[in-house]
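> Have a look at this one before I ask anything.
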Amino acid sequence: MSDCDVLVVGAGPAGCATAIRTARAGLSTILIDRARPARTWAGESLPPGMGKLMGSVFGDGILSERHHRAAFGTRSVWGSAELAETDFLTNPLGHGWLLDRARFDADAKVAAATAGVTIATVRRLGLVSRASGWQVETGDDASFTAGFLVDATGRSAALLRQLRVARIDADRQIAILATFADDGDAYCGTTVEAVADGWWYATPLPGGRRVLAYLTDDDLWRQGERDWHGLLGETLHIGRCAGSNALSATPRAYPAATAQTDQLFGEGWLAVGDAAASFDPLSSQGLASAVLMGARAGEALVQPDRKQAIAAWAAAYAMMVAEHADLRTHYARLEDRWPVSVFWRRRQQPDESLTRPRWVGQRKQRV
Ligand SMILES: Cc1cc2nc3c(=O)[nH]c(=O)nc-3n(C[C@H](O)[C@H](O)[C@H](O)COP(=O)(O)OP(=O)(O)OC[C@H]3O[C@@H](n4cnc5c(N)ncnc54)[C@H](O)[C@@H]3O)c2cc1C
């Protein structure tokens, strides 16, 4: 049995950020990492200005051009049939980044270990119970006791499910996505294109690969008559940008709903990153929010008045979720070419009971 002050479950960017902050402040911290290999499918990008945040949490080497690529702009076909470009050259925050996510995640874990975090690799999360402190069993006959638990398990929100905290989905979005050897155009940035029942993105990746994804709602995808390649053939620009290898790529569907937990924290626990709130991939905001609010959660945990610090952190998180909801509606309303599209209508007139943050005046913990 291992004992610690803070047990962080999930060794993604959010979990590493929280663990680094608590370990640096002198709390004994264990980070539970899953033995299953990390996902490597998604090419992800960071908007300008995020280098400073990532460097301050994980160290300056985290965004080296040896492993990741600088992004020099974004292109979009949105609200009109034209391909419009936003060049980062004129952005005072500098360029963005196209990430090798597997490498980024591995380096975040190295940064956590360097900060004094103990990383424990387990096969699965077992029973979680609470007496005087928390007890967490794993599938390896290992168990942990902890004063405080952090759910950083991403969209699966594995710990919150054990605590019987509900997850609220604002939509049923999925990403039908393929990666392949890149023979697309030389543009070094993400390209998005809105279509009748969703939107596409294409991003070149480090290592000569490219990711191409179609985002739509699960129910619309099932009802649709076209397959991924057929829909790609109907796009105005993105099919050409993505290159001919896209035509033989095999896509797979992944969850990509905008969602939030019904309860962000309780007696002796809190949630960070996608476990707390999953943002629409259109925003390219998920990673930065996960790291920023993950680090701030760690800072709150080491304050003398922990309760008050967590409440202030939760209020800031709620504001971020509210701003994201407003921005998402704003972008959906810019796209008015398909007035009868169910996909766009759902986002232009969202059900605010599903998109607004629920964390102000938290209910009492139910376990
Ligand atoms: C299609 C798509 C495209 C995206 N593109 C972008 C983008 O361009 N830019 C951007 O910033 N964001 C993007 N995002 C969002 C981004 O991926 C997430 O916001 C980010 O990964 C959240 O980090 P996290 O640490 O909270 O969760 P994750 O990165 O999901 O990490 C969770 C960790 O917990 C582990 N875990 C899960 N269950 C358990 C368990 N039971 N026990 C132990 N460990 C467990 C996992 O293995 C993983 O290591 C995209 C998302 C999608 C779906």
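The values are calculated or read from the model by the stated rules, or taken from the named source; none is laboratory data. All of these numbers come straight from a predicted model, not from anything done at the bench. Here Cβ is always computed from backbone atoms with ideal geometry, including for glycine, and neighbour counts include all displayed protein chains. Keep in mind that these areas ignore ligands, DNA and RNA; they rest on the heavy atoms of the full protein, side chains included. Shrake-Rupley method; radii C 1.70, N 1.55, O 1.52, S 1.80 Å.
> What are the residues in segment 262-288 that are of a type in the set (Phe, Trp, Tyr) and near the ligand (Cβ under 8 Å from one of its atoms), if any?
Of everything in segment 262-288, just one residue is of a type in the set (Phe, Trp, Tyr) and near the ligand (Cβ under 8 Å from one of its atoms), namely Phe279.
For (1) within 15 Å of Ala25 (Cα to Cα); (2) within 14 Å of the ligand (Cβ to nearest atom); (3) at pLDDT below 95, each residue gets a yes or a no:
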{"position": "Val291", "(1), (2), (3)": "no, yes, no"}
{"position": "Ala295", "(1), (2), (3)": "yes, yes, no"}
{"position": "Gly298", "(1), (2), (3)": "yes, yes, no"}
{"position": "Leu301", "(1), (2), (3)": "yes, no, no"}
{"position": "Asp305", "(1), (2), (3)": "yes, no, no"}
{"position": "Ile310", "(1), (2), (3)": "no, no, no"}
{"position": "Ala314", "(1), (2), (3)": "no, no, no"}
{"position": "Thr329", "(1), (2), (3)": "no, no, no"}
{"position": "Ala332", "(1), (2), (3)": "no, no, no"}
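> With (1) within 29 Å of Arg240 (Cα to Cα); (2) within 15 Å of the ligand (Cβ to nearest atom); (3) in contact with a strand residue (DSSP E or B) (Cβ under 9 Å, 6 or more places away or on another chain) as the list, and Leu89 as the residue in question, which single condition is left unmet?
Leu89 satisfies all of (1) within 29 Å of Arg240 (Cα to Cα); (2) within 15 Å of the ligand (Cβ to nearest atom); (3) in contact with a strand residue (DSSP E or B) (Cβ under 9 Å, 6 or more places away or on another chain) except (2).
> Is it true that Tyr331 is under 22 Å from the mean Cα position of the chain (by Cα) and assigned by TED's automatic domain parsing to the domain that holds Val6?
no
> Suppose we filter Ala253, Ala259 for residues that are in contact (Cβ under 8 Å) with a residue 40 or more places away in the chain, touching a Ser or Thr at 6+ places or on another chain (Cβ under 6 Å), within 16 Å of the ligand (Cβ to nearest atom) and under 30 Å from Ala322 (Cβ atoms); which single one remains?
From the options Ala253, Ala259, the qualifying one is Ala259.
> Follow-up question, since we're still on this one. Check Arg333, Arg346 and return the single one that is in contact (Cβ under 8 Å) with a residue 40 or more places away in the chain and within 25 Å of Thr190 (Cα to Cα).
Arg346
> Can you tell me which residues in segment 1-16 are more than 12 Å from Thr118 (Cβ to Cβ) and more than 8 Å from the ligand (Cβ to nearest atom)?
Across segment 1-16, the qualifying residue is only Met1.
> On to the next question. Since Leu159 meets every condition but one in (1) on the phi > 0 side of the Ramachandran plot; (2) of a type outside the set (Val, Ile, Thr); (3) surrounded by 23 or more Cβ atoms within 10 Å (Cβ to Cβ), which condition does it not meet?
Against the list (1) on the phi > 0 side of the Ramachandran plot; (2) of a type outside the set (Val, Ile, Thr); (3) surrounded by 23 or more Cβ atoms within 10 Å (Cβ to Cβ), Leu159 comes up short only on (1).
> Across segment 168-209, what is the number of residues that are within 15 Å of the ligand (Cβ to nearest atom), surrounded by fewer than 19 Cβ atoms within 10 Å (Cβ to Cβ) and under 18 Å from the mean Cα position of the chain (by Cα)?
Within segment 168-209, residues that are within 15 Å of the ligand (Cβ to nearest atom), surrounded by fewer than 19 Cβ atoms within 10 Å (Cβ to Cβ) and under 18 Å from the mean Cα position of the chain (by Cα) number 2.
> State which residue pairs qualify: first residue surrounded by 17 or more Cβ atoms within 10 Å (Cβ to Cβ) and inside segment 108-125, second residue small (Gly, Ala, Ser) in any location, beta carbons under 6 Å apart, and separation of 6 or more residues or different chains.
From residues that are surrounded by 17 or more Cβ atoms within 10 Å (Cβ to Cβ), the pairs are Lys109/Ala11; Ala111/Gly59; Ala112/Ala19; Ala115/Ala23; Val117/Ala19; Val117/Ala23; Ile119/Ala113; Leu125/Ala158.
> Hey, among Ala25, Ala35, Ala84, which residue is away from the ligand (no atom under 15 Å from the Cβ), assigned by TED's automatic domain parsing to the domain that holds Ala146 and open to solvent by 40 Å² or more (accessible area, probe 1.4 Å)?
Ala25
> State yes or no: is Arg101 crowded, with 16+ Cβ neighbours inside 10 Å and at pLDDT below 95?
Yes; evaluated as a whole, the condition is true for this residue.
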